Protein chains: 2
Amino acid sequence: MSKVTIYDISKKLNISAATVSRALNNNPKISLKTRELVMKTAEEMNYEQNTLALALKSGKSNTVGILVPYMNRSFFSSVIRGIEEELYPHGYHVIICQTRDDAKSEVQNINTLLNAQVDGIFMSVSKNTKDTGHIDRVLQKGIPLVFFDRKKNIPGVSSVTIDDFNGAYMSVEHLIKQGCKRIAHFLGDINLEIYKDRYNGYLRAMTDYNLPIDKNYIIRTNSKVESGTAAVKKLMQLPSPPDAIFSSSDFTALGAVQELKKTGIRVPDDICISGFSNESFTQYTEPTMTTVDQTPIKMGKMSARVFLEQIDEEISVTIEKKVVLSPQLVIRDSSDRLKKK
Amino acid sequence: MSKVTIYDISKKLNISAATVSRALNNNPKISLKTRELVMKTAEEMNYEQNTLALALKSGKSNTVGILVPYMNRSFFSSVIRGIEEELYPHGYHVIICQTRDDAKSEVQNINTLLNAQVDGIFMSVSKNTKDTGHIDRVLQKGIPLVFFDRKKNIPGVSSVTIDDFNGAYMSVEHLIKQGCKRIAHFLGDINLEIYKDRYNGYLRAMTDYNLPIDKNYIIRTNSKVESGTAAVKKLMQLPSPPDAIFSSSDFTALGAVQELKKTGIRVPDDICISGFSNESFTQYTEPTMTTVDQTPIKMGKMSARVFLEQIDEEISVTIEKKVVLSPQLVIRDSSDRLKKK
DNA sequence: GAAATTTATGTAATCGATTGCACTAAATTA
DNA sequence: TAATTTAGTGCAATCGATTACATAAATTTC
């Protein structure tokens, strides 16, 4: 039950602990005979390296922290999986924290991670994060930080995102090709770049296709289902309601669909709807929902790689990498008029 | 950037590091004057305790591991939240691992956690876990282990579960009260107790209400959507198809509903359906789905408390606590015939 | 006022692994 | 053969905090 240490091995073999340590680490200075003997004995005695001691000595905890708004969103949980998969072979494990989109909780969680002496932090900032004091503290300590999806523009900090502008553009273009002309947009929190970009993609697609942009068609939402319900109610009261909605979130898109069905408006026949994120429920809804896949696993893997490259640079050159992945439009029934016919 | 240690403080104040340590830990042996001085200086110098050193010295990492099949299921993510909330004030942080219901991955993850020297492990075993060698290793090391939801019966190991039998019973009883008589059951993997219990609850309710049990109505499923689709196809080919399905999983229930809708069979008018777990998508489906809530947050909090009690017992008495929580039936449209009329 | 307590602090070992430096013995070179 | 190199190993410090034990100073007791 009590732990076997290198001292136990050294005593048993009548050699020094230093030799044992070196043998276990395949130090070439140690003779093959000794090395093999040590290895064998360690095996026999069920020796396991004490990671805490190693961590203290090396100053590396071999742990990274991941900060997400909600870990039970398929997007975020997939990113996490990507990070884990990429980092696992390098001996890292992962502490996951949820902010529940609350700036205070974000600060608190960053403190927890710093306190746990993580070797790096991956984060997707929460919606209402304005102050960046906690982020500055991370940087001051020289701890590698990688933003994914939701980033802040901070010099020297790398990020992995998708091309939200293009994702939005493709989505709106698709709606236009379905014959839609009065396309509304559910705008997310513009404190976050991703929503600004999606908004801009929407605007560009509209102007590129010479469609008028009606201010009344642009509704602020907060990526909750109810918010989509409320938004669509507003839209439907307009003298000329839209014939499509490009939502910046799957959740609000869902709320819209639910409300429309309740009032007897048919999707996609009367109005086309598309969401964003490819949440897993989008394939279960009635109708199934068109959305934009953000390639989360790839995003996670890329983030991990950026991190690994960063710690490889012995000299802490503040290299700043901005990786932008391409999103994938996933066309489903909620917008697919052509297939239906 | 370089860390401030107690030695830095001791040098600055010309006192020993021991005194600094004691002062910071509010040791009453230290005079008030010194204590306050140390506190103030530590504050000024931005001292932060090195948790790795503390961990090495104390042998406690203040980290616990949580092992779940899928962290993006609302049930599991809520349990995790419950555990975190309860443990956070005690200074613990949490490492979350996913097994993706794979026994091999479970073993690997347990190794990772042991290697990270966690102070305790919370786990919900994966479906196909037969061998318990990895669990035994945890126990041999004297690391507190708490099963939640999906447990193995191992002497000396505590668990927090819900009364699955009763949850099933309530569900089936509810279906019977809707006027259903030919009630089918989607059986989960009977390697897991929870599914056995749900099955038994189903059987008991049927016999209590003098309803015949038709073997053809009991279908093995694997809690995937497609599995539900396949199962309901089988059922509908029977000479006398069922008028209700009690599914041991929300996912299979969803698959059933989707397939039924496709073939024009109305839910709940022609057939009532109920699931299990209160996954968040169940409130979004069409119709909304009746299910059983497993009070996951409470389950997480209870698990955490069991763990805390366990480590409080200085003497490692192998106290074994079996906490069983009461599930809640959530009645929604997929089974609610009476409301509809 | 000497002895016995109490209070406050310091010394040094400890947790387990790593590693620069020193050292011995063997091997190579001149 | 003497001098030099090289291979293999040990010594001891280090990472940062804790704590049993020792000790010095202050206080109380009789």
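The values are calculated or read from the model by the stated rules, or taken from the named source; none is laboratory data. This is a predicted model, so every value here is computed, not measured. Neighbour counts run over all protein chains shown; Cβ positions are idealised from the backbone, glycine included. Side chains are part of the model used for accessible areas, which takes the heavy atoms of the whole protein and leaves out ligands, DNA and RNA. Shrake-Rupley method; radii C 1.70, N 1.55, O 1.52, S 1.80 Å.
Restricting attention to the stretch A:48-73, the residues that are within 29 Å of residue B:281 (Cβ to Cβ) and facing chain B (nearest Cβ under 7 Å) total 2. Every condition in (1) within 24 Å of residue B:162 (Cα to Cα); (2) without any contact (Cβ under 8 Å) to a residue 40 or more places away in the chain; (3) out of contact with any His (no Cβ under 7 Å at 6 or more places or on another chain); (4) open to solvent by less than 60 Å² (accessible area, probe 1.4 Å) holds for residue B:232 except the one numbered (1). Sort through B:149, B:119, B:197 and tell me the only one that's more than 30 Å from residue A:49 (Cα to Cα) and assigned by TED's automatic domain parsing to the domain that holds residue B:67. One residue alone meets the criteria, B:149.
Listed by position, the helices (runs of 4 or more DSSP H) enclosed by the stretch B:237-341 that each have at least 2 residues that are open to solvent by 20 Å² or more (accessible area, probe 1.4 Å) and more than 14 Å from chain A (Cβ to nearest Cβ) are B:296-312, B:337-340.
Of everything listed in (1) away from DNA strand D (no atom under 12 Å from the Cβ); (2) modelled with pLDDT under 95, the single unmet condition for residue A:66 is (2). Taking into account only those residues within the stretch B:189-213 that are touching a Lys or Arg at 6+ places or on another chain (Cβ under 7 Å) and not β-branched (Val, Ile, Thr), which is modelled with the highest pLDDT? Taking the candidates together, the pick is B:211. Entry remark, the stretch B:110-131: residues being without any contact (Cβ under 8 Å) to a residue 60 or more places away in the chain, more than 15 Å from residue B:63 (Cα to Cα) and within 19 Å of the chain's Cα centre (by Cα) number 2 in total. Being touching a Ser or Thr at 6+ places or on another chain (Cβ under 9 Å) and open to solvent by less than 70 Å² (accessible area, probe 1.4 Å) is a description that applies to residue A:67. Just one of the listed residues (A:30, A:9, A:95) is within 14 Å of DNA strand C (Cβ to nearest atom) and within 30 Å of residue B:142 (Cβ to Cβ), namely A:9.
Is it the case, given these coordinates, that residue B:15 is β-branched (Val, Ile, Thr) and more than 8 Å from DNA strand D (Cβ to nearest atom)? Yes, satisfied. Go through the residues of the stretch A:32-45 one by one and say whether even a single one is touching a Leu at 6+ places or on another chain (Cβ under 7 Å), within 16 Å of DNA strand D (Cβ to nearest atom) and among the hydroxyl-bearing types (Ser, Thr, Tyr). Yes, there is a match, as at least one residue in the stretch A:32-45 is touching a Leu at 6+ places or on another chain (Cβ under 7 Å), within 16 Å of DNA strand D (Cβ to nearest atom) and among the hydroxyl-bearing types (Ser, Thr, Tyr).
Just so you know, in the stretch B:210-229 the residues that are without any contact (Cβ under 8 Å) to a residue 12 or more places away in the chain and assigned to a loop (DSSP other than H, G, I, E, B) include one that is farthest from residue B:255 (Cα to Cα), and it is B:210.
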